[in-house]
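The values are calculated or read from the model by the stated rules, or taken from the named source; none is laboratory data. Fair warning: this is a prediction, and the values are worked out from it, not measured in the lab. Every residue, glycine as well, gets a Cβ built from its backbone with ideal geometry; the counts of neighbours run over all protein chains shown. Heavy atoms of the whole protein, side chains included, go into the accessibility calculation; ligands, DNA and RNA do not. Shrake-Rupley method; radii C 1.70, N 1.55, O 1.52, S 1.80 Å.
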Amino acid sequence: MTACIVGWAHTPFGKLEAPDIESLFGRVARAAIEDAGIGAAEVDGAFVGVFNGGFSKQDFFASLLLQSVPELRFKPTTRYENACATGSAAIHGALDFLAAGRGRFALVVGAEKMTATPGPQIGEILLGASYRRDEGEIPAGFAGVFGRIAESYFQRHGDQSDALAAIAAKNHKNGVANPYAQMRKDLGFAFCRAESEKNPFVAPPLKRTDCSLVSDGAAALILTDEETARGMAQRGGKAVRFRAAVQATDLMPIAQRDVIRFEGARAAWGQALGHAGLALSDLSFVETHDCFTVAELIEYEAMGLVPEGQGARAALEGWTAKDGRLPVNPSGGLKSKGHPIGATGVSMHVLAAMQLTGTAGDMQLPKADRAGVFNMGGAAVANYCSILERVG
């Protein structure tokens, strides 16, 4: 059975006044239901993505959704967690629920409240997405893990500082048009390339402009089967089909694999394109997981856009710009938008669906027929790839 996205909602990302996860749920859950044009009582199950890991003393988030949507009482509601791919894990739970015939409409909500936590504690929480036995003492926390990855990449393929700055500059430029983005400022290549007081090294060779933003936010989706979605679209609704949805998990310790190859991401992309019966060139754009600029660089290679070691070409020659051969992160990505952990995977699917339905406003690409969405947990450990297309 093929599933479709038929409604969504999205908060701005950033330092929000919303005091907790419960309040973030309240901003998107019912709004997504209303956007789909259905009643809350028609939702048969809900799937909640929250990483937490210590950001909130409150845990056990699934039932908190009933505070904003009481019509869900006595229906199955489950919380998912898979590091930075938590939102996509919740989506996969909903896809499985629908495929099993357990319901007709599923609600997916992803959220995170991060900014109320002190900086050093945030770093310690995020380090839990690495293999602490080997990597727990790496300086600069999770940024340090990706700093090590960048160092290894530079050692094998040469200094790629220009390419990383180009990726950062591209995504910040794209983010200016995204009303949900935390940082809507075109920083320019020169600022992103140079170390400065405003752009210091965080985990060399990564600077502040190479790292995604600590953020609060939430996003939500309504999913249903394709037959129902087509009927809704004929009555004026919108529908975006999952042509493929793949998860590939790799080993966690970076010492046990060639970490600069992102083999789990390669597997996810290969399987997703294979299931969809498409080539990468058939896609109009990609939303990919740029938690750090070096991640986006390596993901160009993992998705098959360029051969191994040549990711810089895609960045420096403009292949991934909004007017390039394959626009990557026309939303501004995590780099500009922010990275509230549990919300990220859901947000990426929402923004892709907006492009595919022509409702992306100032972000809109002139051609948006099919999209690839790649959401990653840890250092290419939990890898989720979706191929989406507009229905009709």
Checklist entry - Quick one: would you say GLN121 is out of contact with any Cys (no Cβ under 6 Å at 6 or more places or on another chain), at pLDDT 95 or above, open to solvent by 10 Å² or more (accessible area, probe 1.4 Å) and in a helix (DSSP H, G or I)? => result no
Checklist entry - Which residues, counting only those in region 1-16, are of a type in the set (S, T, N, Q) and either open to solvent by less than 20 Å² (accessible area, probe 1.4 Å) or without any contact (Cβ under 8 Å) to a residue 24 or more places away in the chain (or both)? => result THR11
Checklist entry - Quick one: is THR77 open to solvent by 30 Å² or more (accessible area, probe 1.4 Å), polar (S, T, N, Q) and in contact with a Ser or Thr (Cβ under 8 Å, 6 or more places away or on another chain)? => result yes
Checklist entry - So which residues in region 354-392 are surrounded by fewer than 20 Cβ atoms within 10 Å (Cβ to Cβ), at pLDDT 95 or above and on the phi > 0 side of the Ramachandran plot, if there are any at all? => result GLY358, GLY361
Checklist entry - Inside region 185-237, can you point out the residues that are closer than 13 Å to ALA169 by Cα, acidic (Asp, Glu) and not in a loop (DSSP other than H, G, I, E, B)? => result ASP210
Checklist entry - Inside region 285-392, counting only helices (runs of 4 or more DSSP H) that do not spill past its ends, which hold 3 or more residues that are touching a Gly at 6+ places or on another chain (Cβ under 8 Å) and in contact (Cβ under 8 Å) with a residue 24 or more places away in the chain? => result 293-302, 333-337, 341-356
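Out of curiosity, is GLU151 surrounded by fewer than 24 Cβ atoms within 10 Å (Cβ to Cβ), among the charged types (D, E, K, R) and part of a helix (DSSP H, G or I)? Working first, answer last.
Working: surrounded by fewer than 24 Cβ atoms within 10 Å (Cβ to Cβ): yes; among the charged types (D, E, K, R): yes; part of a helix (DSSP H, G or I): yes.
Yes.
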Next on the checklist: Can you pull out every residue in region 32-59 that is hydroxyl-bearing (Ser, Thr, Tyr) and crowded, with 24+ Cβ neighbours inside 10 Å?
Outcome noted: none
Item to check | Residue pairs meeting the criteria (Cβ under 8 Å; at least 6 apart or on separate chains; first farther than 12 Å from PHE105 by Cβ, in region 225-242; second of a type in the set (Gly, Ala, Ser) and in a helix (DSSP H, G or I)) | outcome: GLY237/ALA36; GLY237/ALA229; LYS238/ALA353; ALA239/ALA229; ALA239/ALA233; VAL240/ALA352; VAL240/ALA353; ARG241/ALA229
Next on the checklist: Step by step: first the residues of region 280-292, then only those that are within 15 Å of VAL246 (Cβ to Cβ) and more than 14 Å from the chain's Cα centre (by Cα), then the one that is surrounded by the most Cβ atoms within 10 Å (Cβ to Cβ). Which residue is that?
Outcome noted: LEU283
Next on the checklist: If I filter region 249-279 down to residues being surrounded by fewer than 20 Cβ atoms within 10 Å (Cβ to Cβ) and within 19 Å of the chain's Cα centre (by Cα), which single residue comes out as nearest to THR320 (Cα to Cα)?
Outcome noted: GLY270
Checklist entry - If you check GLN160 against the conditions, is it open to solvent by less than 30 Å² (accessible area, probe 1.4 Å), more than 18 Å from the chain's Cα centre (by Cα) and not hydrophobic (A, V, I, L, M, F, W, C)? => result yes
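Do you know which residues across region 132-148 are among the small types (Gly, Ala, Ser), more than 23 Å from TYR300 (Cα to Cα) and open to solvent by less than 50 Å² (accessible area, probe 1.4 Å)? Please lay out each step first, then the result.
Filtering region 132-148 down to residues among the small types (Gly, Ala, Ser) leaves 136, 140-141, 143-144, 147.
Narrowing the set further to residues that are more than 23 Å from TYR300 (Cα to Cα) leaves 136, 140-141.
Within region 132-148, GLY136, GLY141 meet the criteria.
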Checklist entry - Given the structure, is SER212 modelled with pLDDT of 95 or more and out of contact with any helix residue (DSSP H, G or I) (no Cβ under 8 Å at 6 or more places or on another chain)? => result no
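Could you pull out the residue among GLY345, GLY311 that is over 14 Å from the mean Cα position of the chain (by Cα) and buried (at least 24 other Cβ atoms within 10 Å of the Cβ)?
Numbers: GLY345 fails: over 14 Å from the mean Cα position of the chain (by Cα).
Result: GLY311 is the single residue among GLY345, GLY311 that is over 14 Å from the mean Cα position of the chain (by Cα) and buried (at least 24 other Cβ atoms within 10 Å of the Cβ).
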Item to check | Where ALA29 falls short, out of the listed (1) part of a helix (DSSP H, G or I); (2) open to solvent by 50 Å² or more (accessible area, probe 1.4 Å) | outcome: (2)
Next on the checklist: Suppose we filter GLY53, GLY87, GLY103 for residues that are more than 19 Å from the chain's Cα centre (by Cα) and either closer than 29 Å to ILE138 by Cα or assigned to a loop (DSSP other than H, G, I, E, B) (or both); which single one remains?
Outcome noted: GLY103
Next on the checklist: Taking the conditions exactly as written (under 30 Å from ALA9 (Cβ atoms), open to solvent by 10 Å² or more (accessible area, probe 1.4 Å), of a type in the set (S, T, N, Q) and in contact with a helix residue (DSSP H, G or I) (Cβ under 7 Å, 6 or more places away or on another chain)), does GLN182 satisfy them or not?
Outcome noted: yes
Next on the checklist: Among (1) open to solvent by 70 Å² or more (accessible area, probe 1.4 Å); (2) out of contact with any His (no Cβ under 9 Å at 6 or more places or on another chain); (3) over 30 Å from ILE33 (Cβ atoms), there is one condition GLN234 misses while meeting the rest; what is its number?
Outcome noted: (3)
